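Report on the following structure.
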Amino acid sequence: MGLDQRAFIREDKDICKWRKHNRLQGWMEALWIERGGTDAFNLEDLELNLEDIESLEQAIMSKELPMTEGFFFGDDSYVDYEECYLEDDMKFIQLAKKALSSGKRVVYSSWW
């Protein structure tokens, strides 16, 4: 049991999955709140546009994903970031850009 996350194309085709990447969760939750989300950011679908993906890419490259704590979220995901998450994050960025450029909708979702 813990924080499980995924990004998918609206047709429900997964393009990336993460486990306990709490800093990514914090970044996505901040975006969700910015868009008016008020309930717990759990089992909520967050649609991402190209501007969101580019902003996320910048946060990843500058190591500015926010520290995010939660009972199910595990240890700080920056502890082994380059070994455990960086490759998947960058793969997600590229796949999301490709999907968006072909007119598909990209969604982030998580559950804990």
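The values are calculated or read from the model by the stated rules, or taken from the named source; none is laboratory data. Keep in mind the model is a prediction, meaning the values are calculated, not measured. Neighbour counts run over all protein chains shown; Cβ positions are idealised from the backbone, glycine included. For accessibility, only protein heavy atoms count, side chains too; no ligands or nucleic acids. Shrake-Rupley method; radii C 1.70, N 1.55, O 1.52, S 1.80 Å.
Figures for the structure shown
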quantity: Meets criteria (open to solvent by 40 Å² or more (accessible area, probe 1.4 Å) and either in contact with a Ser or Thr (Cβ under 9 Å, 6 or more places away or on another chain) or among the polar types (S, T, N, Q) (or both)) for ASN49; calculated: yes
quantity: PHE41 open to solvent by less than 30 Å² (accessible area, probe 1.4 Å), more than 21 Å from LEU95 (Cβ to Cβ) and in contact (Cβ under 8 Å) with a residue 24 or more places away in the chain; calculated: yes
quantity: Total residues in segment 56-95, condition out of contact with any Phe, Trp or Tyr (no Cβ under 7 Å at 6 or more places or on another chain), among the polar types (S, T, N, Q) and crowded, with 17+ Cβ neighbours inside 10 Å; calculated: 1
quantity: Among residues of segment 11-28, those that are more than 18 Å from GLN94 (Cβ to Cβ) and either part of a loop (DSSP other than H, G, I, E, B) or open to solvent by 60 Å² or more (accessible area, probe 1.4 Å) (or both), counted; calculated: 4
quantity: Residue match in segment 9-21 (condition: without any contact (Cβ under 8 Å) to a residue 40 or more places away in the chain and aliphatic (A, V, I, L, M)); calculated: no
